[in-house]
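Values quoted throughout were computed directly from the atomic coordinates according to the rules given, and no laboratory measurement underlies them. Bear in mind the structure is a predicted one, so any value in this text is a computation, not a measurement. Glycine gets a Cβ as well: all are built from the backbone with ideal geometry, and neighbour counts include every protein chain shown.
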Amino acid sequence: MSAGRTPGLGHNGGPPLDEPGSEARRCCRDCRHWHAPPETEQRAYEWFRLGLSRRRVRRPTGACDRVVLSAGRAPAFSATTAEFGCINFEPKPEQPRPRGGGFVTIYEGGRIVWQGPEDAVPARFNSQELDLFGPGDP
């Protein structure tokens, strides 16, 4: 360490960190305007790339109807690869996270006693409280 320059608190002497997202690639695969190629094309290209197929396959291209290549130009339709990027990039909206569980129906004596989502099963129907095992079973 040089005597004239002292690092800040918590700095380990490495290079300064970049701002998160400052150099993020703006690829078509992450844009809301881009439509991916069919899965069969992607799979065939991947097999060709890995050497699992001798049939030559061109790189799969998706489609975008709002490609802008330089400022001041009108958007145009184009076939683009997933790694391509343009000025008109808009990130895809966040996908809602699926809530766990499914729909549950609980029967007692041949009749339905409760129906609803798996997350909302009443405590009285928990498996720990039910006598599911006979005598001598674990």
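Subtract the Cα-Cα distance of Ser70 and Arg56 from 0.36 nm times their separation in residues, and report this length gain in nm to one decimal.
Extra length available between Ser70 and Arg56 comes to 1.7 nm.
Length gain on complete extension for the stretch Asn12 to Thr40, per 0.36 nm per residue less the alpha carbon to alpha carbon distance?
Between Asn12 and Thr40, full extension yields an extra 5.2 nm.
Using per-residue counts of other Cβ atoms within 10 Å, averaged over each peptide, order 52-59, 65-72 from highest down.
Numbers: 52-59: 10.1, 65-72: 12.0.
Going from most to least packed, we get 65-72, 52-59.
Check each of the GluC sites (Glu not before Pro) in the range 22-88 and keep only those in coil by DSSP with at most 10 other C-beta atoms within 10 angstrom; list them in order.
On the way: sites: Glu23, Glu39, Glu41, Glu46, Glu83; in loops: Glu23, Glu83.
Loop-located and lightly packed - Glu23, Glu83.
Under the 0.36 nm per residue contour assumption, what length would be gained going from the current alpha-carbon distance of Tyr107 and Ala79 to full extension?
On the way: separation 28, 0.36 × 28 = 10.08 nm, distance 5.50 nm.
Length difference between fully extended and current span is 4.6 nm.
Can you order the peptides 110-117, 73-80, 91-98 by their average number of other Cβ atoms within 10 Å per residue, highest first?
Packing proxy ranking, top to bottom: 73-80, 110-117, 91-98.
Label points 7 Å out from Cα along the Cβ direction at Trp47 and Glu118: separation in nm?
So the label points at Trp47 and Glu118 sit 3.4 nm apart.
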